[in-house]
Structures are given as structure tokens and as C-alpha cells.
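I have placed the structure first, in the form of C-alpha cells, so that the comments after it can refer back to it.
The values are calculated or read from the model by the stated rules, or taken from the named source; none is laboratory data. Predicted, not measured: the structure shown is a model, and the values here were computed from it. Counting neighbours? That spans all protein chains shown, and the Cβs are built from the backbone with ideal geometry, glycine included.
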Amino acid sequence: MEKLVVPSDWPFIEKSSFIDRHAQYSVNDNGIDKQSVNTCVELLSNWKKNDDAYRRMREGDFCIQKLGWWYYNSRDTMPIRDVILTWATKQKPTFDVYQDDFIPDHYDAIALLTVFSFFYAVKYDEFEFSQSERIIVDDFVLNKMLTIPIDLVGEPKNKIFCNPFKHSIIGKKGKPHMNLNTCGSNRWKTTIAQLLVALRLGNQDLFKQGVYNTRFKLALFDNQGIYVTWATRGALAWDYSHDVTTMLSLLTEIYQAVGYDFLDHQLENGLFVHELFKKQFEIVDDVSILEKYAGRQYAVKGTNYSAWKKMSNDEKIRDWPKESLAYSAKVYIHKFAPQLKPLIDCETSVFAPKVSAITTFNIIDIWELHYSQKPTGYCSS
């Protein structure tokens with residue numbers, strides 16, 4: 001991967017009549033109201049750090065999902081455009097780090113900057129800017145992704161940097177304990193953002209950072225193919241772990257666009273990426289597999305692990321069933337698991353309950369990446 005070169009042009013350029021039809025299934029299918037969107041734009045454009053009341057108003061990082069919903073419900077980029085332009089010209093999300101206190105702004109700021117940056121990279125031509133505004137926004141996004149503080153440890157008196165190779169202590173309590181924000185959701189978002197922004201703006205240095213973070217994330221899978229960080233989340237283990245397939249699929253599409261078969265990439269533990277996908281489809285059929293780590297109960301947000309363990313598998317995967325995995329995993333299914341093809345509904349909305357493709361972790365419909373290069377999978381283009 002380190003030898004890959006950023007192409008001179010954005011690689012996701014294929015036109016697809018199928019994806020045009022597919023997009024229409026989501027339009028007006030969500031019900032997100034303009035007032036909610038306007039509130040998010042106002043709050044994100046007037047950032048207040050270390051303000052609990054302000055954070056409650058913006059519901060943490062939930063405005064990511066709301067503005068993503070708005071786009072796929074209306075195909076309107078203006079709300080995200082206005083937020084990014086304000087950040088680039090006036091005030092960006094910031095945070096402080098306290099020695100002995102966790103400040104949620106640290107997580108939220110990185111999440112907002114990364115997810116909106118990779119949305120901008122993909123939807124670049126749909127953003128209406130003047131020539132001068134475009135230069136300012138491009139410079140801002142590139143600089144933020146080159147300098148994103150993903151290695152910064154919050155609450156350093158009690159926490160240490162998360163070593164991706166030390167699976168035996170990830171998510172375990174104690175002082176100090178690993179800060180999973182340095183090896184969890186935000187590093188996935190950072191990785192995707194760095195790669196996509198690098199491809200859009202033609203920056204090799206940023207792409208190299210994305211490759212480094214790809215390897216960092218892959219080191220967090222154990223020798224059975226379980227992604228350790230999210231598996232430690234107790235009763236939330238599957239609520240988080242279901243997104244492993246989405247993140248791996250985004251990387252599959254990105255690397256395929258530069259001529260690299262990510263599914264056949266081998267991890268340092270000897271597994272191949274396609275085996276990580278296979279494990280995810282095994283886990284959705286038997287979520288108890290995650291109990292290997294879930295008992296550590298890291299950041300469980302008030303959930304009851306004992307009660308969760310007693311639930312049936314169908315109850316555990318109710319919000320994130322096997323179809324949600326299949327939606328993102330077209331390339332894997334085509335190449336390694338054709339028996340899963342019936343799980344893919346070609347006439348579905350990104351908002352369909354069995355899909356729920358737009359989340360706080362990702363606001364790009366992965367099918368758009370898939371069908372904007374030479375598609376290998378299902379559904380007619």
C-alpha cells in the first residue's frame with residue numbers, strides 16, 4: 001500500500017443510470033425537517049467549546065447524521081456547505097484537553113471535521129462556491145486532515161495512547177487505561193477522510209497518512225478477525241461492531257479506485273481482509289462471539305450487559321441485521337460470498353430499516369462510490 005500513488009484525477013468518475021434511479025428511492029423518504037437542519041447549521045457555525053448546555057443542544061455529534069439525512073432526503077448540499085465555509089473563514093470546532101477530566105468536545109470536533117471532509121471530497125462538484133471560496137475551503141480541509149489530532153490523548157492523567165497491538169488490555173479498566181478515542185471510531189473516520197481528501201485534492205502526503213491509519217486500524221483485529229476496540233463495548237458491542245463492514249467496504253472501494261485489491265491485503269497477523277468480512281457475517285449470526293471482549297464493558301452508556309447476554313440473537317441484531325452488512329459489502333459478496341446475494345435489495349432506500357446507511361460514522365452512500373468506478377457486484381447499471 002505504501003507504494004500507491006495518488007492519481008492526477010479524481011478516480012470516481014463513471015456515470016451510472018442505476019445509481020441515478022437508486023438515489024430517487026431515498027428522496028423524501030426520511031422526514032427530516034428543515035428546522036432541525038437550520039438548528040444544526042446555526043449551532044455548528046457558532047461553536048462553543050466546553051459548554052455542556054451547548055453540547056446538549058447539538059446532541060453531541062448527531063448533527064452529522066441529521067445533515068447527512070437531509071442531503072439524501074433532498075440532494076441539497078447547502079447546509080453542509082454553509083457549515084464548512086464558516087469553519088474555513090470564521091470559526092472551526094475546537095476543544096481543550098484537561099489532565100483529569102474527559103471533555104466530549106474532543107471527540108465531537110474530530111468526528112465533525114473528518115466526516116464532513118470526506119463528504120466534501122465525494123460531493124465536491126455539488127458544492128457551490130465562488131473561486132476564492134473554493135480555494136479557502138480546499139486549503140482548510142486539506143490542512144485539517146493533515147494535522148487532525150487523532151493521536152492526542154484526552155484526560156492524560158488517567159489515560160494513555162491506545163497501542164493497537166496490545167489487544168489484551170484494550171478496553172480494560174484501571175489507571176491509567178487506554179484512551180480508545182485514539183483507536184476507535186474517530187480513527188476510522190480520519191482514515192476514510194484522509195484517503196478521500198487526498199484523492200480529491202491530489203495530495204500524496206495525506207494519502208500516506210491514510211495508508212498509515214489503514215494499517216493502524218487493521219492491527220486492531222485479533223487473530224480470529226474480531227475488531228477488538230468495538231467488541232469491548234459490553235451490551236453495545238454489536239451496535240458498534242456492525243459498522244466494521246461499512247468501514248472495511250469504504251476502504252475496499254477507495255483502494256480499488258487506485259488499483260489495489262484491498263480484500264486480498266494480508267494483515268500482520270496473517271489474516272486477509274476478506275476473512276475479516278467473513279467473520280463479521282459469522283458474528284451477526286452469533287453475536288455471543290463478541291463476548292470474548294464485551295465483558296470488559298468499556299463506555300457502555302448505562303446499558304445492562306447481564307441483561308444483554310440473556311437476549312436472543314435476533315433481539316441483539318434487531319437494529320443492525322445481516323442485510324445492513326450486505327448493503328455495504330457488494331465487492332466482498334461478489335468475490336467471496338455469492339450465497340449472500342439474496343440479502344441485497346437493489347430497490348432500497350438508504351433509510352430503509354434494514355439498511356440505515358447514513359449514520360454519525362458515515363454520510364456517504366457507499367453504492368455511489370461503487371457504481372462510480374467499474375462496479376463488481378449486483379444490480380444493473
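Structure notes:
- Sole residue being crowded, with 16+ Cβ neighbours inside 10 Å, at pLDDT below 95, touching a helix residue (DSSP H, G or I) at 6+ places or on another chain (Cβ under 7 Å) and among the aliphatic types (A, V, I, L, M), chosen from ILE19, ILE103, ILE80: ILE19
- Scanning the range 58-94 for residues that are assigned to a loop (DSSP other than H, G, I, E, B) and either touching a Cys at 6+ places or on another chain (Cβ under 7 Å) or under 23 Å from HIS22 (Cβ atoms) (or both) gives ARG75, ASP76, THR77.
- Residues in the range 231-279 that are on the phi > 0 side of the Ramachandran plot and surrounded by fewer than 23 Cβ atoms within 10 Å (Cβ to Cβ): GLY259, GLY270.
- Single residue of ASN223, ASN186 found to be of a type outside the set (Asp, Glu) and over 20 Å from the mean Cα position of the chain (by Cα): ASN223
- Selection of the range 39-57 for residues being of a type in the set (D, E, K, R), farther than 12 Å from ALA109 by Cα and outside any loop (DSSP other than H, G, I, E, B) yields GLU42, ASP52, ARG56.
- Only one of ALA198, ALA193, ALA257, ALA235 that is touching a residue at least 60 places away in the same chain (Cβ under 8 Å) and either closer than 21 Å to PHE161 by Cβ or touching a strand residue (DSSP E or B) at 6+ places or on another chain (Cβ under 8 Å) (or both): ALA193
- Close Cβ contacts (under 9 Å, 6 or more residues apart or on different chains) running from residues in the range 162-183 that are closer than 23 Å to TYR212 by Cβ and among the aromatic types (Phe, Trp, Tyr) to residues that are at pLDDT below 95 and surrounded by fewer than 21 Cβ atoms within 10 Å (Cβ to Cβ) are absent.
- Selected residue (criterion: farthest from ASP314 (Cα to Cα)) from residues of the range 277-299 that are hydrophobic (A, V, I, L, M, F, W, C) and in contact with a Ser or Thr (Cβ under 9 Å, 6 or more places away or on another chain): ALA299
- Residues that are touching a residue at least 40 places away in the same chain (Cβ under 8 Å), surrounded by fewer than 19 Cβ atoms within 10 Å (Cβ to Cβ) and farther than 21 Å from ILE103 by Cα, drawn from the range 141-161: LEU146
- Wholly enclosed helices (runs of 4 or more DSSP H) of the range 299-343 bearing at least 3 residues within 23 Å of the chain's Cα centre (by Cα): 322-328, 330-336
- Of residues in the range 48-76 being farther than 24 Å from GLU128 by Cα and among the basic types (Lys, Arg), the one modelled with the lowest pLDDT: LYS49
- Qualifying helices (runs of 4 or more DSSP H) (wholly inside the range 226-269; at least 3 residues being of a type in the set (Val, Ile, Thr) and in contact with a Leu (Cβ under 7 Å, 6 or more places away or on another chain)): 243-257
- Pairs where the first residue, in the range 34-52, is farther than 19 Å from TYR72 by Cβ and the second is part of a loop (DSSP other than H, G, I, E, B) and of a type in the set (A, V, I, L, M), C-beta under 8 Å, 6+ apart: ASN50/ILE103
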